[in-house]
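> This structure is in structure tokens; I'll ask about it shortly.
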Amino acid sequence: MYARSPEPGLEPMADDAVRWNEVVEATYVVQQRFRYDYPGPIADLQHRLMIVPRERHGDQRRVASRLDVSENATIHDAHDAFGNPVATVFARRIERAIEFAHRSIVTRTRAEHLVDAGLLEDPNHLVPTDLTAASEALRVAAKTLRAEADEPEALADRINAFVHAEMRYVAGSTTVETTAAAAFAERSGVCQDFAHVMLAIARRCGLAARYVSGHLIGEGGTHAWVEVIVPSAAGALVLAYDPTHGNRVDMRYVVIAVGRDYADVAPTSGVFTAPYSGELTATKRVGATRVLYGV
């Protein structure tokens, strides 16, 4: 059975109008707007945007995408080392403000996410980064959890449940530069911290794992979660976890980018020349415009 929004492809359905546990196919619209206001003119803007969804990621496909910039600027489209779309905006001078408007349509069909077995040995998924290096407390946690479950999927399940139980969500308690060790010491943070802590423990346990930036339908800001890659008969299987909520990722999630940690996939960042900083205002709207329920 199909359900559609009043304007398919444009107007998202209300989150509570969808029986997400029964959805097997869906079309989503992702709409975002970022505006930077400055006290005066700025020069030599170079701004990096990672807000356009990946062309393909597991059962997710990007159907269409558009990025508009309010000012006279040059946009350079490329892909990073992980295959994520990256738009770099260049402008010689901005008088008072610049605005980026993005809209994408993506589809998902519920299915296993199979990948090449070589990713199980990829250093990007196994080697700690500055943000995910394990402290002594994280090393102890990893040793304890590994003793409780040796099988990779069971171990990933335990790590996800452990991080969710140990950490408290406290808005504004950390910054994008907070490490997993620092967040775990306080047992608090936001979604990126939950993801970093899970990555630190998973990699310490020998599991290949990566950071995911995207959207959880029904939440206001960009969300973060973790993908753990485990062996399977077909090569390797990607298992996606949301330690902030303590669950496996389902059809409510839309992937934008993957990397080693937050620093690889920051949605918006840049540099410019001026004696002052800018003020960011961001809005987003993400939701399903069409869903298909399983029989």
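> Return only the number of the condition from (1) more than 15 Å from residue 228 (Cα to Cα); (2) modelled with pLDDT of 95 or more that residue 128 does not satisfy.
The number of the failed condition is (1).
> Sort out for me the strands (runs of 3 or more DSSP E) sitting completely within segment 1-118 that have 3 or more residues that are of a type in the set (Gly, Ala, Ser) and out of contact with any His (no Cβ under 6 Å at 6 or more places or on another chain). Spell out the reasoning first.
Numbers: elements: 2-4, 23-37, 42-49, 60-69, 74-79, 85-94, 97-109, 113-115.
Output list reads 97-109.
> Next up: Name the pairs: first residue in segment 120-149 and in the same structural domain as residue 193 (by TED's automatic domain parsing), second residue part of a loop (DSSP other than H, G, I, E, B), Cβ to Cβ under 6 Å, at least 6 apart or on different chains?
Listed by first residue and then by second, the contacts come to 124/260; 129/260; 129/261; 131/179; 131/261; 132/261; 142/205; 146/205.
> Anything in segment 232-253 that is closer than 21 Å to residue 114 by Cβ and in contact with a Leu (Cβ under 8 Å, 6 or more places away or on another chain)? List them, or say none.
Across segment 232-253, the qualifying residues are 232, 234, 235, 236, 237, 238, 242, 248, 253.
> Identify all residues within segment 83-105 that are closer than 28 Å to residue 250 by Cβ and loosely packed, with under 15 Cβ neighbours inside 10 Å; write none if there are none.
Within segment 83-105, just 83 meets the criteria.
> Right, another one. Condition first: over 21 Å from residue 226 (Cβ atoms) and of a type in the set (Lys, Arg). Can you find one or more residues in segment 95-112 that meet it? Before you say what the answer is, go through the steps one by one.
To start, the set of residues in segment 95-112 that are over 21 Å from residue 226 (Cβ atoms) comprises 95-105, 107, 109.
Keeping just the survivors that are of a type in the set (Lys, Arg) gives 96, 103.
For segment 95-112, residues over 21 Å from residue 226 (Cβ atoms) and of a type in the set (Lys, Arg): present.
> Still on this model: Condition (residue is in the same structural domain as residue 232 (by TED's automatic domain parsing), within 18 Å of the chain's Cα centre (by Cα) and either under 16 Å from residue 239 (Cα atoms) or surrounded by 15 or more Cβ atoms within 10 Å (Cβ to Cβ) (or both)) applied to segment 151-159: is it met by at least one residue?
Checked segment 151-159: no residue is in the same structural domain as residue 232 (by TED's automatic domain parsing), within 18 Å of the chain's Cα centre (by Cα) and either under 16 Å from residue 239 (Cα atoms) or surrounded by 15 or more Cβ atoms within 10 Å (Cβ to Cβ) (or both).
The values are calculated or read from the model by the stated rules, or taken from the named source; none is laboratory data. Bear in mind that the values here come from a model prediction, so they are computed numbers and not experimental data. Don't worry about glycine lacking a Cβ; one is built from the backbone with ideal geometry, like all the others, and counts go over all protein chains shown.
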